[in-house]
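Enquirer: Dropping the structure in here first, questions after.
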Amino acid sequence: MKSKFLTAATFALFVATPAYADTLVDNVNGITLDQDGKLVRFTGLVIDKDGKVKQLLDRKDKRPERPDYREDGKGRTLIPGLIDGHGHVMGLGFQQMLLDLSDTRSLAEAQAAIRQYAADNPEMPWIIGSGWNQEKWGLGRFPTAADLDAAVADRPVWLDRVDGHAGWANSAAMSAAKVSAASKSPEGGRIEMDGGKPSGVFIDAAMDLIDAAKPKPLARDLDRALLLAQRKLIEQGITAIADMGTTIEDWQAFRRAGDKNQLIVRILGYGADIDNMAIIAGPGPTPWLYDDRLRMVGVKLFIDGALGSRGAWLKAPYADAAGERGLPVLTPAQLRNKMVRASMDKFQVAIHAIGDAANAEALAAIADLTADLPGERRWRIEHAQVIDPADIPRFAELKVIASMQPVHQTSDRLMAEARLGPSRLSGAYAWRSLEKAGARLALGSDVPVESADPFAGIAAAISRTDPDGQPFGGWRPEEAVSRETALDGFTRTAAFASFAEDRIGTLMPGMRADFLIIESDPLLASPAEIRRLVPLETWIGGARYYKKGANGNDGR
């Protein structure tokens, strides 16, 4: 059998099975959707020498007489490998290497964590991290440079907000970046001010002012981040991911890993704007590389920011910030020019749009360009968190894929209520409404903004409740989707959304044998039971890369 277990230090190369051999995984409660989305159940799976599904077996079907390897599934459930429809691979890796504030519950806790991290890493010229969330802290305001100086003042500190759409700098970082009271907010960004001086928080495009001054990661840092990200994804059951915002440095790390047979998770890249798209892929999307492990598919564009930092572009002012409507990052002309540039070379366009004004603008741009850009474009809108109900039917009319992250709804619920007020919630996180209108839902996590755990995403999608089961009965429960739709969103449609449905997303014959073995059936389990699921085994391309408990691996 092909079998490899990942450790933090290395990937061991596996020995290929003989060319004539089959692998049989038998005695399972097998579940997949077929190419048309119909549920197929089976009890055995035959894998060919190329790591593809050769045959699905029912109880009455004859088994191969002498398979090279046979695994007894012991009646456990086997499902397709789960695809994260929207994530950030290197962000996940660096989250594990740098300061992570995502578990802090107050400003004081964050300051203590920052102080301790700095003490533990005296050699670091900058303290860099992420994960802070003033809403979770109950702070009622953005943190300030003074708050950060109280923790570390002797060297620059730069911390991304949990959503990646704001950054928090101390005075030393602003000095290193030459930011002063005279600094102006760039187009598509905002420098938060306090008493006529920068407060220490930079929104969206303004983050570039500090990012330009911080040290760049070395190639070995990128390689380690990729290794750690893959290990985490495989442990959580993610066998493929749409990497939204791939840079040339990221791509080079992916290629280095592929060249060394260390690229295990399938990565579907979307360049970080046009420049990265063009320098990575040149005249068009790349071919599939490394046995379908890597492909540059398209480009990621931004129209607005995030709700938490009030950068999401709304049609009416924020309910909790009079006069503020968010930040359009691109003008209508800029957006359309970038979309045309990508589409002319057959790159797929994925547009980040969170606010209702941003979603309306994305749909308007797609409508304007569709007639002049024939062919199957598979336009994507990433997040689609707040939509004017009048715009929901346009997703289906324009064949736009709604790329959404269910766990955002449970994390953002209280903040969204404050930001939007009750009158605008009918189009917020409106999964079922989009599905009923005929739109396809590709589901993901936005990792590392949220955990990549796909079972948490499935549970949220079908229940609209958080890990504590709150609110009772679900938040706007009419927008919950069925178990089949949730599974489809993390498998078949996630593959379709990246032009990968001809090789991954289902376990029908001819598809790559990417699958998980789990304890119970997610189509029958309760939301609480689904949340507790962890992969017992993760297989990619017919090889087992993870087994719970092996080499110290214990799932999430």
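Enquirer: So if I restrict to the alpha-carbon atoms in the range 212-308, what is the Rg, and what is Dmax, the biggest pairwise distance, in Å?
Expert: Looking at the range 212-308, its Cα Rg and Dmax stand at 13.8, 41 Å.
Enquirer: Once the whole set of protein chains is in place, how much accessible area is left on residue 88, using a 1.4 Å probe, in Å² to the nearest 10?
Expert: That residue has around 50 Å² of solvent-accessible surface.
Enquirer: Related question: Using Cα-Cα distances under 8 Å and only pairs 6 or more residues apart, what relative contact order does the range 30-81 have, in percent?
Expert: Across the range 30-81, relative contact order equals 33 percent.
Enquirer: For the residue pair residue 519 and residue 414, what label-to-label distance in nm results when each label sits 7 Å from Cα along the Cα-to-beta-carbon direction?
Expert: For the pair residue 519/residue 414, the computed spacing is 2.9 nm.
Enquirer: Quick one: which residues, 5+ away or cross-chain, put their amide H under 5 Å from the amide H of residue 545? H built at 1.01 Å from N.
Expert: Answer set, sorted by chain and number: 4, 538, 539, 540.
Enquirer: With all pairs of different alpha carbon atoms counted, what Kirkwood hydrodynamic radius in Å does the range 173-249 show?
Expert: 15.2 Å
Enquirer: Tally the DSSP beta bridges in the chain and give the antiparallel ones as a percent, rounded to 5.
Expert: 45 percent
Enquirer: To continue, here is another question. If you take the beta carbon distance between residue 320 and residue 66 as r and set R0 to 60 Å, what does 1/(1 + (r/R0)^6) give as a FRET efficiency, to the nearest 0.05?
Expert: Rounded to the nearest 0.05, the efficiency is 0.30.
Enquirer: Top to bottom by accessible area (1.4 Å), largest first, where do 329, 297 land?
Expert: 329, 297
Enquirer: Excluding ligands and nucleic acids, what accessible area in Å² is computed for residue 152 using a 1.4 Å probe, to the nearest 10?
Expert: 10 Å²
Enquirer: How big is the range 131-171 along each principal axis, measuring the range of its Cα positions in Å and listing the largest first?
Expert: That gives 27, 19, 11 Å along the principal axes, largest extent first.
Enquirer: While we're on this one: Could you compute the longest span of the chain free of GluC sites (Glu not before Pro) located in DSSP loops and having at most 15 other Cβ atoms within 10 Å, not counting the site residues?
Expert: Longest stretch, sites excluded: 377-518.
Enquirer: Now a separate question. Treating cross-link reach as a plain straight distance, find the lysines whose alpha-carbon is under 17 Å from the alpha-carbon of residue 547, omitting any fewer than eight places away in the same chain.
Expert: 2, 4, 74, 232
Enquirer: On the accessible surface of the chain, probed at 1.4 Å, how many percent belong to carbon and sulfur atoms?
Expert: Exposed carbon and sulfur together represent 51 percent of the surface.
Enquirer: Now, a different point. Kindly state, to the nearest 0.05, the FRET efficiency for residue 141 paired with residue 121, given R0 = 25 Å and r defined as their beta-carbon distance.
Expert: It comes to 0.30.
Enquirer: What ratio of Cα Rg to 2.2 N^0.38 Å holds for the range 298-390?
Expert: For the range 298-390, the normalised Cα radius of gyration is 1.09.
Enquirer: Report the net charge of residues surrounding residue 430, where surrounding means a beta-carbon distance below 12 angstrom and charges are Lys +1, Arg +1, Asp -1, Glu -1.
Expert: -1
Enquirer: Give me D for the chain in µm² s⁻¹, whole number, from Stokes-Einstein with Rh from the Kirkwood sum over alpha-carbon pairs, 25 °C and 0.890 mPa s.
Expert: 102 µm²/s
Enquirer: What does the accessible area of residue 214 come to, in Å² to the nearest 10, when a probe of 1.4 Å is used?
Expert: Around 50 Å² of this residue is reachable by solvent.
Enquirer: Which value in deg cm²/dmol, rounded to the nearest 500, describes the helix-derived mean residue ellipticity at 222 nm for the chain, given -39,500 (n - 2.57) per DSSP H run of n ≥ 4 and division by the residue count?
Expert: My calculation for the chain gives -8500 deg cm²/dmol from helical runs alone.
Enquirer: How about residue 214: which aspartates and glutamates have a C-alpha closer than 18 Å to its C-alpha, ignoring those fewer than 8 places off in the same chain?
Expert: Result set, ordered by chain and number: 100, 123, 149, 154, 160, 204, 249, 250.
Enquirer: Probe radius 1.4 Å, ligands and nucleic acids left out: which of 372, 243, 466, 221 has the largest accessible area, and how do the rest follow?
Expert: I get 372, 221, 466, 243, largest accessible area first.
Enquirer: Tell me whether the range 131-214 comes out rounded, prolate or oblate; compute the Cα gyration tensor, take square roots of the eigenvalues as a ≥ b ≥ c, and use a/c under 1.5 as the rounded threshold.
Expert: In terms of gyration-tensor shape, rounded.
Enquirer: Let me make sure I get this right: for the range 458-540, a, b and c are the square roots of the gyration tensor eigenvalues over alpha carbons, sorted descending. Under 1.5 in a/c it's rounded, otherwise prolate if a/b > b/c, else oblate. Which is it?
Expert: Verdict is oblate for the range 458-540.
Enquirer: Taking every DSSP beta bridge with both residues inside the range 337-432, roughly what % is antiparallel (nearest 5)?
Expert: Roughly 10 percent of the DSSP beta bridges within the range 337-432 come out antiparallel.
Enquirer: On C-alpha positions alone, give me the angle between the axis of helix 356-370 and the longest principal axis of the chain, in degrees, nearest 10.
Expert: Helix 356-370 sits at roughly 60 degrees to that axis.
Enquirer: With a sphere of radius 14 Å drawn around the Cβ of residue 137, what net charge do the other residues whose Cβ falls strictly inside it have (Lys, Arg +1; Asp, Glu -1)?
Expert: Charge balance in the 14 Å sphere: 0.
Enquirer: Continuing with this model, one more query. Based on the alpha-carbon gyration tensor of the range 364-417 and its eigenvalue square roots a ≥ b ≥ c, which shape applies: rounded if a/c is under 1.5, prolate if not and a/b is larger than b/c, or oblate?
Expert: Prolate.
Enquirer: Now for a separate question. Evaluate the charge dipole of the chain about its Cα centre and quote only its size in Debye, nearest 20, assuming +1 on the Cβ of each Lys and Arg and -1 on the Cβ of each Asp and Glu.
Expert: 940 debye
Enquirer: Please give the Cα centre distance for the range 483-499 versus the range 57-134, rounded to the nearest Å.
Expert: A separation of 21 Å, based on Cα centres.
Enquirer: Quick check: residue separation of residue 368 and residue 50 times 0.36 nm, minus the Cα distance between them. What number comes out in nm?
Expert: 110.1 nm
Enquirer: Express the accessible area of the chain per residue in Å², computed with a 1.4 Å probe while the remaining protein chains stay in the model.
Expert: Heavy-atom accessible area per residue stands at 38 Å².
Enquirer: Consider just the alpha-carbon atoms of the range 156-203 and return their Rg together with their Dmax, both in angstrom.
Expert: 10.2, 28
Enquirer: For the range 468-556, give the magnitude of the charge dipole about the Cα centre (Cβ charges: +1 Lys/Arg, -1 Asp/Glu; no others), in debye to the nearest 20.
Expert: Using Cβ point charges on Lys, Arg, Asp and Glu, the range 468-556 gives about 320 debye.
Enquirer: Okay, moving on. Starting from the Cα of residue 274, step 7 Å along the direction of its Cβ; do the same at residue 288; then give the gap between the two resulting points in nm.
Expert: My value for the distance between the label points is 3.1 nm.
Enquirer: Can you spot the lysines whose alpha carbon is less than 27 Å from residue 346's alpha carbon? Ignore those fewer than 8 places along the same chain.
Expert: Result set, ordered by chain and number: 300, 338, 399.
Enquirer: Pop out the ³J(HN,Hα) list for the range 97-111 in order, Karplus 6.51 cos²θ - 1.76 cosθ + 1.60 with θ = phi - 60°, rounded to Hz; leave Gly and Pro as x.
Expert: Values per residue, Gly and Pro as x: 9, 10, 5, 10, 9, 5, 9, 6, 10, 7, 4, 4, 5, 5, 4 Hz.
The values are calculated or read from the model by the stated rules, or taken from the named source; none is laboratory data. Model, not experiment: these values are computed from the prediction. All Cβ positions, glycine included, derive from the backbone under ideal geometry; neighbour counts span all protein chains shown. Ligands, DNA and RNA are excluded from the accessible area calculation, which covers all protein heavy atoms including side chains. Shrake-Rupley method; radii C 1.70, N 1.55, O 1.52, S 1.80 Å.
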